[in-house]
């Protein structure tokens, strides 16, 4: 059997210097002093038997003088790269896995993980089934948005539009601790996520998880996305059985409707509470105004100071008319009667009495604190307060009636567009696409790391 050894680039291709084994050549013996045959001087050629010239000692050639001697350990030095090659006997030795990783980094960091992921996805990963449901949340259109009149009132009562605030509230609820807690009260959520057919990687790892761990896994299995242009919410539930996915999706929709109903009840109760509070306040105000008006009438002994003032003004006008007639008669009588006659004296006394009566009436009307003017001002203020309280009470009665009518119907409601379906085919993990995705991702990461390391090495040089 022939044994082929590696040819050193520093040795000649001739039979005397080559490291190739020849069957017809004698085996090289190591020289004394630990040197091999290549380091010994060539032997002198024997003289010819026909009387040739005497034998001469062979001198090494110029190439052999330039050729370095092989090391005793059997290793050689590459004259092109300057590296010391391992011995011939050790080239076929066993290398460590770290050396293999250095020589094949792409295989180690991309191919092997991709193959492991593909093996798991194809042969170990359990299929998961999705149940999809779509819904929207609508709210009653504000009354101010409708036109006035009876038609506007009807349009304002019947108009509904998508409510982004309520849609966001429902989505936040579906992904919250409250949804997980209420779901666990009706079905065993942990058992659904830990079915016997579930694989070790994608199942729920804890048999008795904390609320935070269960919510974290729940948010991986339940997704809710909202389309802002249409207001539709898309809910998807992933489990290891199609029946579990459909049941969980239906339960979550029922919980969402309960949430919307609770919001309606709270809005209704708040509106009724505010309307009743304002109505009681208006009633109290009207009662206080009427009590104040009654106290004023009892104190001033005037039912209507305005009427009293009008009567006083009418009295003063009548007295002034009587004074004018008396003065006219006095002037006529003075034309033909003697001064100091009883008729003239009577008319003068009458005129003076009428003038005194007019002065008294005027002083009574214009008194600072007890005059008719002050009474008229106080009465007008109290009467206006009663009128305002009455109008406020009437308005609050209308508001309460409207609140009662709004409470009779639902102002926010959840409309189901697509009911949860029963899956017939698994949509996860899709091993072909998932394996390709893992391979491409690792390849991109490997390329980025290689570029960074190469740049660092070039910068270090």
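The values are calculated or read from the model by the stated rules, or taken from the named source; none is laboratory data. Being a predicted model, the structure only gives us computed values, none of them experimental. Methodologically, a virtual Cβ is constructed for each residue, glycine included, from the backbone with ideal geometry; neighbour enumeration extends over all protein chains shown.
For the reader, a short list of remarks on this structure follows.
- Taking (1) modelled with pLDDT of 95 or more; (2) touching a helix residue (DSSP H, G or I) at 6+ places or on another chain (Cβ under 8 Å) in turn, residue 139 satisfies each apart from (1).
- Tallying residues that are under 28 Å from the mean Cα position of the chain (by Cα) and under 14 Å from residue 241 (Cβ atoms) within segment 189-203 yields 5.
- Within segment 355-373, tally of residues that are modelled with pLDDT of 75 or more and under 17 Å from residue 311 (Cα atoms): 4
- Check on residue 393, over 33 Å from the mean Cα position of the chain (by Cα) and surrounded by 14 or more Cβ atoms within 10 Å (Cβ to Cβ): yes
- Elements of type strands (runs of 3 or more DSSP E) contained in segment 155-257, each with 1 or more residues being out of contact with any strand residue (DSSP E or B) (no Cβ under 6 Å at 6 or more places or on another chain) and more than 21 Å from residue 426 (Cβ to Cβ): 160-162
- Within segment 288-313, if we keep just the residues that are loosely packed, with under 13 Cβ neighbours inside 10 Å and at pLDDT 80 or above, the residue that is farthest from residue 361 (Cα to Cα) turns out to be 291.
- Residues that are without any contact (Cβ under 8 Å) to a residue 60 or more places away in the chain and closer than 17 Å to residue 178 by Cβ within segment 262-295 comprise 262, 265, 266, listed in sequence order.
Yes/no per residue for (1) in contact (Cβ under 8 Å) with a residue 60 or more places away in the chain; (2) within 30 Å of residue 305 (Cα to Cα); (3) within 39 Å of the chain's Cα centre (by Cα); (4) in a helix (DSSP H, G or I):
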position	(1), (2), (3), (4)
389	yes, yes, no, yes
403	yes, no, yes, yes
421	yes, no, yes, no
436	no, no, yes, yes
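- Qualifying residue in segment 358-378 (condition: surrounded by 15 or more Cβ atoms within 10 Å (Cβ to Cβ), outside any helix (DSSP H, G or I) and touching a strand residue (DSSP E or B) at 6+ places or on another chain (Cβ under 7 Å)): no
- Index of the failed condition, residue 425 passing every other in (1) surrounded by 12 or more Cβ atoms within 10 Å (Cβ to Cβ); (2) not in a helix (DSSP H, G or I): (1)
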